[in-house]
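The block underneath contains the structure these notes are about, expressed in C-alpha cells.
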Amino acid sequence: MNLQGVKAIYRFEMERTWRTIFQSVVSPVVSTSLYFVVFGSAIGSRIKEIDGISYGAFIVPGLIMLSLLTQSTANASFGIYFPKFTGTIYELLSAPISYFEIVLGYVGAAASKSIILGLIILATANLFVTIEIAHPIWMLTFLVLTSVTFSLFGFIIGVWADGFEQLQIVPLLVVTPLAFLGGSFYSINMLPEFWQKVTLFNPVVYLISGFRWSFYGVADVGVGVSLAMIALFLSLCLGIVWWIFRTGYKLKP
Amino acid sequence: MQSVISIKNLSKTYADGFQALKDVSLEIEDSEILALLGPNGAGKTTLISIVCGLVNPSSGSVEVSGHDIISDYRAARELIGLVPQELTTDAFQTVWQTVSFTRGLFGKPAKPSYIEKILRDLSLWDKKDNILMTLSGGMKRRVLIAKALSHEPRILFLDEPTAGVDVELRKDMWDVVRGLRASGVTIILTTHYIEEAEQMADRIGIINKGELVLVAQKAELMRKLGQKQLALHLREPLERLPGGLDDYELELSSDGRELTYLYSTQGKRTGVRGLLSALQGAGVEFKDLDTKQRSLEDIFVTLVKEQS
Ligand SMILES: Nc1ncnc2c1ncn2[C@@H]1O[C@H](COP(=O)(O)OP(=O)(O)O)[C@@H](O)[C@H]1O
Ligand SMILES: [Mg+2]
C-alpha cells in the first residue's frame, strides 16, 4: 500500500482548499446564514412548527445536506478534473499507486472538506436557533456517508467532464434542484399526495429525512430506508469508479 | 549486457483505429543512454507512454527489471522517472511543493536534502518558493526534470527534452544526464534532432511510422551505414563515363564536371586506389578531390526512404 502517495494527494487537495478558503468555506457559511435570514424569518413567521419542531431548527439538517451535496460534488469533481485539464494527470498514471489509493486521496480529501464544512454550518446555525441532536452517532454517520458518497459521485463527474461547463452543470442543474426539492425546507408530508409520491423518486429525500431524524427523531421516511438508499448510491458510485479505472475511461487511451 | 527494459512485440492501435506502434521489440541495456530517433508522429511518445503506464498497449509486453508493467506495475514504476514532452505543471504550487509532491506520489518518504540537491543541480534553488504559474517555459522544463528525479529513479525517460529549450538549459540538462549515467541510471531520450542523438547516445534506435527500423551502437551505426563520398572535380567535362570504369558505381554530374564515388569505410578495401588508377588508365584527369563522411542525417533519410 502506497500510503505516502495517498498522503501526497490528500495534502495537495487540502492545500488547494486553503488557497481557495473563501470559495470553499466562507461562501457556504455566508449563504447558509442568508438562508436562515430569508427562509427562517420570511417563512418561519408563517410556519411556526413542523412536526413539533420550530421552523428555524427544522431546516438546519436540510441546509447542511444542501451544502454537503453541492460541495462534495463540486470539490471532488474539480480535484480530478484539473489535472486532466492541465495534463499533470500523467504523474498520477505513471506513479506506483493503485486506483484505490488515488480515489482514497481525492475522495478522502473532498469528503473531509465537506465534513468540516458541515460542522461549521452546524455551528453557524447554532447561533441562530437552538439545536438538539437526538442521535449524535447517527448524525455523524449520515454526515460521513453522504460526504463520501457524493465525493465519489463528484469524482465520476470530474473524470467524465470534457470542459468546465460540463463540470459545473451537474452540481448546478442536478444536485441543487434535487436538494431543494428533497425537503430541505419543508416536510414532504406537507405536499399534496401526488407530489409526495413523485418526491419519493428523488434520492436526496432519503438523505435529508435520515439526517433530520438523527437530529429530532422525526422522519418523512423510515431510517432504515434512508440508510439503504445511501448504501445503494454508494455502491453504485463505487461500481462506476471501479469500471472507470478498469477500462481507463477518459484517463488512458 | 543485462537489459533493464525488455519490450516484446508491442503494438498499439488507438481508439480511432490508428496504429501508432507495430510489433516493436527492444532491449534497453542497463546504464546506457538510448536515443529514440524519428520524425514527428513516428510513435516515440506512444512507446514511452506505454512503458510508463499512460497508455494501454494493444498487444505485446513490457518488463522493467523483470517486473511486468501491468501485473507488477508498482515495482516497475518505482524505478522510472518521466519527463513528458508537453510542459504540463500545476499552476498554484511552488517549485518545492510540486517536486516534493511527486516524491510522495512515488511512495518515498520526504528527503529535503535530496530535493535541495536536484534543485541546485538544475539551477532552480533560488526559484524554490516561486509559484509554478509565474515561471518561464525553460524553468518549467527544469521543474519537470526535477520532478522526474525526485524519487531517485533508476531509469529516466526524457521525451523531446530539448524542444524549444535555450542553450544554457541544454547544457545544464546534458550535465545532469551525464552525471546520472555515471551513477548508473539508464536514460532513454527521444528526439528528432540527429545531432542530439549523435552527441549524447550510446545507442540509437530509429522509429518511423510505428516501426522500430533499427537499433545499433552509435559508432556501429555510423560505421555500418557511414559511407564516405569521394568527389572528383574533373579538368575536362565528360559526356559519358568512359569504358573500363564499369566496376565502380560512379555517378557523373549533369554538367559532366564532377564524378562521385560512394564507398564504405568499413571494408578492407575501399576501392579508392583501384579507382584512381583505372581513371588514369582511361585518361580522365581531375584537378581536385574531396571526401565527405555521411552524417546521421543522411543515414536517417536513406533509411526512412528505403522503408517507404
Ligand atoms: N490518443 C490518441 N488517439 C489517436 N491517435 C493518437 C493518439 N496519440 C497519438 N496518436 C497518433 O499516433 C501517432 C504517433 O504519435 P506519437 O507517439 O505522439 O509520435 P511522436 O512522439 O513520435 O511524435 C501520431 O500520428 C498521433 O497522431
Ligand atoms: Mg512525441
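Any read-out appearing in this document is the output of simple, stated calculations on the displayed coordinates, not a laboratory observation. Note that the structure is predicted; figures quoted are calculated from it, not measured. Positions of Cβ are generated from backbone atoms using ideal geometry, with glycine treated the same way; all protein chains shown enter the neighbour counts.
Where in chain B lies the longest segment free of GluC sites (Glu not before Pro) that are both loop residues by DSSP (not H, G, I, E, B) and have at most 12 other Cβ atoms within 10 Å?
Between the exposed loop sites, the longest stretch runs B:1-238.
Which residue fluctuates the most in chain B, going by a Gaussian network model with Cα springs under 10 Å, if the choices are B:Val167, B:Val176, B:Val185?
Result for chain B, Cα springs under 10 Å: B:Val167 fluctuates most.
Once you've got the GNM for chain A with C-alpha springs shorter than 10 Å, pick whichever of A:Phe58, A:Phe85, A:Phe150 has the biggest mean-square fluctuation.
It is A:Phe85.
Which of the residue pairs B:Lys8/B:Lys44; B:Lys8/B:Lys292; A:Lys84/B:Lys128 have a Cα-Cα distance greater than 27 Å in the structure shown?
Cα-Cα > 27 Å for B:Lys8/B:Lys292; rest within.
Does chain A classify as rounded, prolate or oblate by the C-alpha gyration tensor (a ≥ b ≥ c root eigenvalues; a/c under 1.5 gives rounded; else a/b over b/c gives prolate, otherwise oblate)?
Note, shape of chain A comes out prolate.
Simple spin-label model, 7 Å along Cα-to-Cβ: B:Ala219 to A:Ile47 in nm?
If labels sit at B:Ala219 and A:Ile47, their model points lie 8.7 nm apart.
Rank A:Pro96, A:Pro192, A:Pro28 by mean-square fluctuation in a GNM of chain A with C-alpha springs under 10 angstrom and give only the top-ranked residue.
Greatest mean-square fluctuation among the candidates belongs to A:Pro192.
Please work out the Cα center distance from the range A:197-230 to the range B:42-69, rounded to the nearest Å.
49 Å
Would you mind checking A:Lys250/B:Lys209; A:Lys252/B:Lys171; A:Lys7/B:Lys147 for any pair whose Cα atoms are more than 28 angstrom apart?
Result: A:Lys252/B:Lys171 exceed 28 Å.
Starting from the Cα coordinates of the protein assembly as shown, work out the convex hull volume and express it per residue in Å³.
Taking only Cα atoms, the protein assembly as shown has a hull volume of 191 Å³ per residue.
Calculated from DSSP H runs of 4 or more alone, at -39500 (n - 2.57) each and per residue, what is the 222 nm mean residue ellipticity of chain A, nearest 500?
About -23500 deg cm²/dmol.
Determine the distance separating the Cα centre of the range A:29-84 from the Cα centre of the range B:155-215; give it in Å without decimals.
What the calculation gives is 57 Å, centre to centre.
Out of all DSSP beta bridges in the protein assembly as shown, what portion is antiparallel? Express it as a percent rounded to 5.
70 percent
Expressed as an acute angle from 0 to 90° and rounded to the nearest 10, what is the orientation of the C-alpha long axis of helix A:3-19 relative to the principal long axis of chain A?
Its long axis makes an angle of about 60 degrees.
Report, in degrees rounded to the nearest 10, the 0 to 90 angle that the Cα long axis of helix A:203-216 makes with the longest principal axis of chain A.
Tilt of helix A:203-216: around 60 degrees.
Give me the one-decimal Kirkwood hydrodynamic radius in Å for chain B, with the sum taken over alpha-carbon pairs.
So the Kirkwood estimate lands at 22.1 Å.
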